[in-house]
Amino acid sequence: MNIIVLVKQVPDTTEVKLDPKTGSLLREGVKSVMNPDDRHAFEAAIRLKESHGGKVIALSMGPTQAVDVISEALGMGADQGILLSDRAFAGADSYATSYTLGKAIAKIGEFDLIICGRQAIDGDTAQIGPQVAEYLKIPQVTCVFAIDEVEAGAVVVRKRVEDGFERVQASLPALVTVLGEMSPRYPRVSGLIEACSERAPIEVWNGADIGIKTREVGWEGSLTHVMKTFAPKAKRQGEMLEGDTRTAARALIGKLAENLLIPHKEVSDECLG
Ligand SMILES: Cc1cc2nc3c(=O)[nH]c(=O)nc-3n(C[C@H](O)[C@H](O)[C@H](O)COP(=O)(O)OP(=O)(O)OC[C@H]3O[C@@H](n4cnc5c(N)ncnc54)[C@H](O)[C@@H]3O)c2cc1C
């Protein structure tokens, strides 16, 4: 069972700060980590390798320092790492990112399953998994929280839906995006030391290695471009309603009625519970 896990290095924060002048992300002083969902993707992949054999390849597109998340993946039990790094990849939107990852996967060749996180905490689009599957023309299942079986050329998974879950079967090769519900293991210290050594099975590929032209990727190859980035300004000041729950609820109802958002009505204590 050969599994490719897509892994992204992200800033270790959900409070992204912007440069007020340029509108670009302020990364200085912000530590980088493996995208949280991707740790769960590795856990799912390594459990499958433990039960079915085969190998796990970690694949990331990013600057050279993104090699750290690949080392972490090797420490968790991945067998090989590939970093896609090239100045031409910079400024990619989700389409150009998926295209680059898709081309690299086509070069890797044979695989049974691609596992990736549902969503990255910085870009936040949740588009990469579905777009890579579309590019490779393979089935995809999103929002998976359990991989139940892999048998007879198919994978059976459970995916979250609004009011419960669905059990879905997809023929292999397939792609699944996972939620953060797989209880990921910590990387082994010996694995991390090995992953940081010169013998570590990590390759770095550039655009030419995966047969793409500069204008097809990065900012130039992107179908969308950010025109402006800004932090929303608070327009109105909030008002705190003081007092116990009943008093505050009564005051809130009064204010809503005053602003014609609800009809005027006397509210009994019973009604407030
Ligand atoms: C309109 C637009 C313009 C953008 N412009 C820029 C820009 O100018 N410069 C810039 O740096 N970024 C830019 N971005 C962000 C960049 O496109 C995204 O970070 C990237 O495409 C991944 O999307 P995401 O972070 O939303 O990932 P999601 O789709 O939320 O990630 C889901 C999963 O996909 C996998 N994945 C995602 N990214 C990678 C990766 N790089 N390598 C391996 N696996 C991955 C991971 O498993 C992850 O858990 C832009 C995004 C948009 C929407």
Quiz item: If Ala96 satisfies every condition in (1) in a helix (DSSP H, G or I); (2) among the aliphatic types (A, V, I, L, M); (3) touching a strand residue (DSSP E or B) at 6+ places or on another chain (Cβ under 8 Å) but one, which is the exception?
Solution: (3)
Practice problem: Scan region 103-159 for residues that are touching a residue at least 60 places away in the same chain (Cβ under 8 Å), of a type in the set (D, E, K, R) and either part of a helix (DSSP H, G or I) or under 18 Å from Ile210 (Cβ atoms) (or both) and jot them down. | Solution: Lys103, Lys107, Glu110
Quiz item: Hey, among Gly81, Gly62, which residue is over 20 Å from Ala154 (Cα atoms), away from the ligand (no atom under 11 Å from the Cβ) and either touching a strand residue (DSSP E or B) at 6+ places or on another chain (Cβ under 6 Å) or not assigned by TED's automatic domain parsing to the domain that holds Arg158 (or both)?
Solution: Gly81
Quiz item: Of the residues Ile115, Ile105, Ile70, which single one is at pLDDT 95 or above, near the ligand (Cβ under 9 Å from one of its atoms) and among the aliphatic types (A, V, I, L, M)?
Solution: Ile115
Quiz item: Out of curiosity, is Glu72 over 30 Å from Glu194 (Cα atoms), in the same structural domain as Asp12 (by TED's automatic domain parsing) and either polar (S, T, N, Q) or assigned to a helix (DSSP H, G or I) (or both)?
Solution: no
Exercise. Go through region 186-229 and give me each residue that's touching a Ser or Thr at 6+ places or on another chain (Cβ under 8 Å) and either of a type in the set (Asp, Glu) or away from the ligand (no atom under 16 Å from the Cβ) (or both).
Key: Leu192, Ala195, Cys196, Ala200, Glu220
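The values are calculated or read from the model by the stated rules, or taken from the named source; none is laboratory data. If you're wondering where the values come from, they're calculated on a predicted model, not measured in any experiment. Neighbour counts are summed over all protein chains in view; Cβ atoms, including those assigned to glycine, are modelled from backbone coordinates with ideal geometry.
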